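Input: a single structure, listed below in structure tokens.
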Amino acid sequence: MEKELLIRLSNWLNGEQSNPFIITLHPTWKCNLRCRGCIIPTVQNKKLHEIPYSGFLKIIDEAAKLDVRRIEIHGEGEPLCKPGIIKIIQRIKKHNIRASMTTNCTLFTEEKIRDMVRMDFDIIAVSLDGPNAKIHDHLRGVKGTFNRVVKNLTIFKKYKEKMKKDKPEIILVPFLNKFNYNLLEEMIILGKKLEVKLVNFKPLMLNEKSEKLRFTKKQLEELSTYAEEAYETAKEIGMETNVETFVDKNLVKNQTDVSKMIQLKRKKNTLFSITCFRPFYQIDINPNGIIFLCHQTSENQESKENICNTTLTEFWYGAKAKSFRDAMKRGKIPEICKHCCGGYTLDDWTLKYELEQFITEIK
């Protein structure tokens, strides 16, 4: 964990304020795939407004003035569908801010790949849900998707070797579900073959579309065994992964209900009594400019602030943000947390452990 993030969070715990550490940009609703379990096609049908790429450039410039250290580019849709996405990426790197992008990795051209290697873009997180075309293409809803991903990752490898670069680091991000839960070892082996940095498994995020991907009771019981076998393989072949997390049967059982996951680690009078630390270090901005501390709170679009009418500074230190953080400090688990991605909770656990250690060391 980056020391500056731990310093900023410890400031909040001491009653001081700190600037945001991460800005997450969701540049577009558009996507070229039709993933099973994704609600974005429903959102797309509403034809919501998107701010132009120039609006995101202004956000990035202000983020630099606030000493934001990381900018993450995520969906709602596929970032590479956004006109001007390369200019957005270039602006981030111009300010020497660490950058990452989550992508389905199907729309890269060789020119775009070459440009991203040349500019030292930091991290590409690739949504790859299966170790073969049969599984991945089924989950992503478009034939040929798996082969395009593998082809583009091979081109990344080629240009990194040609330019003698270590970046961008490539991370595979499989979302666990009933179609791939027994293929964890194969995903680890594929990651090694593709020479990626990390295979980072994420729990299934439940919504009205993803119910059909939910594990059966028997599959949940089996998942821990598959995770343990995959972890042993990862150690043998030297593949970095978080798969060992899913050996924990309590976590596996509760992975689709984040409120229950939070309770698993909750301890009184410790950092784990705080519901979630994300509102203390991160801002999210939707394609239409809606700005929020927690992505799940973006559901009621009409009641939210818009970056077109405010600034990052005004929002971050405003009354609504303070009220939301106060609720987190009291240990409140809002109803919306049940619909969050369990992967965020796993990240929060790691952060809390490291923050506890950091605070102990500086006392």
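The values are calculated or read from the model by the stated rules, or taken from the named source; none is laboratory data. Since this is a predicted model, take the numbers as computed values, not measurements. With ideal geometry, Cβ positions are generated from the backbone for all residues, glycine too; neighbour counts draw on all protein chains shown. We work out accessible area using only protein heavy atoms, side chains counted, and drop any ligands, DNA or RNA first. Shrake-Rupley method; radii C 1.70, N 1.55, O 1.52, S 1.80 Å.
The single condition from (1) surrounded by 18 or more Cβ atoms within 10 Å (Cβ to Cβ); (2) part of a loop (DSSP other than H, G, I, E, B); (3) of a type outside the set (Phe, Trp, Tyr) that residue 195 fails is (1). Does residue 189 satisfy the condition of being aliphatic (A, V, I, L, M), open to solvent by 70 Å² or more (accessible area, probe 1.4 Å), touching a residue at least 40 places away in the same chain (Cβ under 8 Å) and farther than 22 Å from residue 340 by Cβ? Judged against the criteria, residue 189 is a match.
Quick check, is residue 187 within 18 Å of residue 226 (Cβ to Cβ) and of a type in the set (A, V, I, L, M, F, W, C)? Considered against the rule, which asks whether it is within 18 Å of residue 226 (Cβ to Cβ) and of a type in the set (A, V, I, L, M, F, W, C), residue 187 comes out as yes.
Against the conditions (1) assigned to a helix (DSSP H, G or I); (2) open to solvent by less than 50 Å² (accessible area, probe 1.4 Å); (3) at pLDDT 95 or above, residue 23 satisfies every one except (1). Being within 21 Å of the chain's Cα centre (by Cα), open to solvent by 60 Å² or more (accessible area, probe 1.4 Å), at pLDDT 95 or above and charged (D, E, K, R): is that true of residue 69 here? The answer is yes for residue 69. Residues that are more than 21 Å from residue 221 (Cα to Cα) and not in a loop (DSSP other than H, G, I, E, B) were ranked within region 173-192; the one that is nearest to the chain's Cα centre (by Cα) is 191.
Considering only residues of region 33-66 that are among the acidic types (Asp, Glu) and modelled with pLDDT of 95 or more, which is surrounded by the most Cβ atoms within 10 Å (Cβ to Cβ)?
Taking the candidates together, the pick is 62.
Are there any helices (runs of 4 or more DSSP H) wholly within region 84-144 with 3 or more residues that are of a type outside the set (A, V, I, L, M) and open to solvent by 40 Å² or more (accessible area, probe 1.4 Å), and if so which?
85-94, 110-118
Among the conditions (1) of a type in the set (Lys, Arg); (2) at pLDDT below 85; (3) open to solvent by less than 10 Å² (accessible area, probe 1.4 Å), the only one that residue 352 does not satisfy is (2). Scanning region 208-255 for residues that are in a helix (DSSP H, G or I) and among the β-branched types (Val, Ile, Thr) returns 225, 233, 237, 243, 245, 247, 252. Restricting 148, 140 to those that are charged (D, E, K, R), on the phi < 0 side of the Ramachandran plot and in contact with a Leu (Cβ under 6 Å, 6 or more places away or on another chain) reduces the list to 140.
Taking first residues from region 131-145 that are without any contact (Cβ under 8 Å) to a residue 40 or more places away in the chain and partners that are aromatic (Phe, Trp, Tyr), the Cβ contacts under 8 Å between residues at least 6 apart in sequence or on separate chains come to 133/146; 136/146; 137/146.
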